[in-house]
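The values are calculated or read from the model by the stated rules, or taken from the named source; none is laboratory data. If you're wondering where the values come from, they're calculated on a predicted model, not measured in any experiment. Here the Cβ positions follow ideal geometry from the backbone for every residue, glycine too, while neighbour counts run over all protein chains shown. What goes into the accessible areas is simple: the full protein's heavy atoms, side chains included, and nothing from ligands, DNA or RNA. Shrake-Rupley method; radii C 1.70, N 1.55, O 1.52, S 1.80 Å.
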Amino acid sequence: MFVNSCNVVVLISGNGSNLQALIDQSENRGYRVAGVVCNDPAAFGLQRAAKAGVPAVIVEHRDFPDRETFDHALLEAIDAFAPDLIALAGFMRILGPAFVQEQAGRILNIHPSLLPKYTGMHTHRRVLEAGEREHGVSIHFVNEELDGGPIVARSRIAVREEDDEESLTGRVHRLEHDLYPRVTGWFAAGRLRLRDDGVYLDGNRLPATGIEEATPPGI
């Protein structure tokens, strides 16, 4: 049984609601949130970390002349927590190729769409404008392509006629808070791994769109 044997470092830039979900479910999922690294000193997520007793480090990107030197400082801050897994949770900086390659197979990201659709920003608004009938969340391993790494899992909801951007955002957040700690637990237990030929869960290679996880009741 893997209880708190996996150190997770969470990277944030803002509110930190997924950080909170990862902290709240860490004991039950068998990992430990060892530290938080943030690029914005005003991020509310830093208050969440402090309240939970999780150490946090600020590496402000504006203090560095280019992405390479920022990435180097970022990696130094992360490595100080001896991570087994790096979890991006609303981290609004693109990591450079050298960083991603060095950490391949141990960086997860959560994205508010059913990847490969709607990479990038403002996904809820774009889904509504396109008249989509479904929306959701995806978790993927990070590679050099924006929101393009190998997909681990997705969870979906129906878009309701009465949905606006605010209501849809709120419902997707509830999906995120359910799915991210669950997938992190898979990694902590040694069940989830990225290999050269794809993503494996319990020794089985997943399809390109990852595993489809059931939508929790009431969302």
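Could you give me the residue pairs with C-beta distances under 8 Å whose first residue belongs to the range 78-106 and is closer than 22 Å to Arg191 by Cα, whose second residue is of a type in the set (Ser, Thr, Tyr) and part of a helix (DSSP H, G or I) wherever it lies, and which are 6+ apart or on separate chains?
Once the first residue is closer than 22 Å to Arg191 by Cα and sits in the range 78-106, its partners that are of a type in the set (Ser, Thr, Tyr) and part of a helix (DSSP H, G or I) give Leu85/Thr184; Ala87/Tyr180; Ala87/Thr184; Ala89/Tyr180.
Quick test for you: out of Ala208, Ala158, Ala189, Ala214, pick the one residue that is at pLDDT below 95 and open to solvent by 30 Å² or more (accessible area, probe 1.4 Å).
Result: Ala214 is the single residue among Ala208, Ala158, Ala189, Ala214 that is at pLDDT below 95 and open to solvent by 30 Å² or more (accessible area, probe 1.4 Å).
In this structure, does Val127 turn out to be touching a helix residue (DSSP H, G or I) at 6+ places or on another chain (Cβ under 6 Å), surrounded by 23 or more Cβ atoms within 10 Å (Cβ to Cβ) and of a type in the set (A, V, I, L, M)? Before the answer, list the steps.
Details: touching a helix residue (DSSP H, G or I) at 6+ places or on another chain (Cβ under 6 Å): no; surrounded by 23 or more Cβ atoms within 10 Å (Cβ to Cβ): yes; of a type in the set (A, V, I, L, M): yes.
Considered against the rule, which asks whether it is touching a helix residue (DSSP H, G or I) at 6+ places or on another chain (Cβ under 6 Å), surrounded by 23 or more Cβ atoms within 10 Å (Cβ to Cβ) and of a type in the set (A, V, I, L, M), Val127 comes out as no.
Among the residues of the range 130-155, which ones are open to solvent by 10 Å² or more (accessible area, probe 1.4 Å) and either under 22 Å from Ser17 (Cα atoms) or among the β-branched types (Val, Ile, Thr) (or both)? Please lay out each step first, then the result.
Within the range 130-155, the first condition is being open to solvent by 10 Å² or more (accessible area, probe 1.4 Å), and the residues that meet it are 130-134, 142-148, 150-151, 154.
Listed by number, the residues that qualify are Val142, Leu146, Asp147, Ile151, Arg154.
Determine whether Ile94 is at pLDDT below 95, within 23 Å of Gly210 (Cα to Cα), β-branched (Val, Ile, Thr) and touching a helix residue (DSSP H, G or I) at 6+ places or on another chain (Cβ under 9 Å). Talk me through it step by step, then tell me what you get.
Details: at pLDDT below 95: yes; within 23 Å of Gly210 (Cα to Cα): yes; β-branched (Val, Ile, Thr): yes; touching a helix residue (DSSP H, G or I) at 6+ places or on another chain (Cβ under 9 Å): yes.
It is true that Ile94 is at pLDDT below 95, within 23 Å of Gly210 (Cα to Cα), β-branched (Val, Ile, Thr) and touching a helix residue (DSSP H, G or I) at 6+ places or on another chain (Cβ under 9 Å).
Can you list residue pairs whose Cβ atoms sit under 6 Å apart, with the first residue in the range 152-181 being in contact (Cβ under 8 Å) with a residue 24 or more places away in the chain and the second being open to solvent by 60 Å² or more (accessible area, probe 1.4 Å) and assigned to a loop (DSSP other than H, G, I, E, B)? Count only pairs 6 or more apart in sequence or on different chains.
Final answer for the pair search is Val159/Arg133.
(1) hydrophobic (A, V, I, L, M, F, W, C); (2) under 15 Å from the mean Cα position of the chain (by Cα); (3) surrounded by fewer than 17 Cβ atoms within 10 Å (Cβ to Cβ): which one isn't true of Leu175, the others all being true?
Unmet condition: (3).
Could you give me the residue pairs with C-beta distances under 7 Å whose first residue belongs to the range 28-42 and is farther than 10 Å from Val8 by Cβ, whose second residue is of a type in the set (Lys, Arg) wherever it lies, and which are 6+ apart or on separate chains?
Taking only residues 6 or more apart or on different chains, the pairs are Asn39/Arg93.
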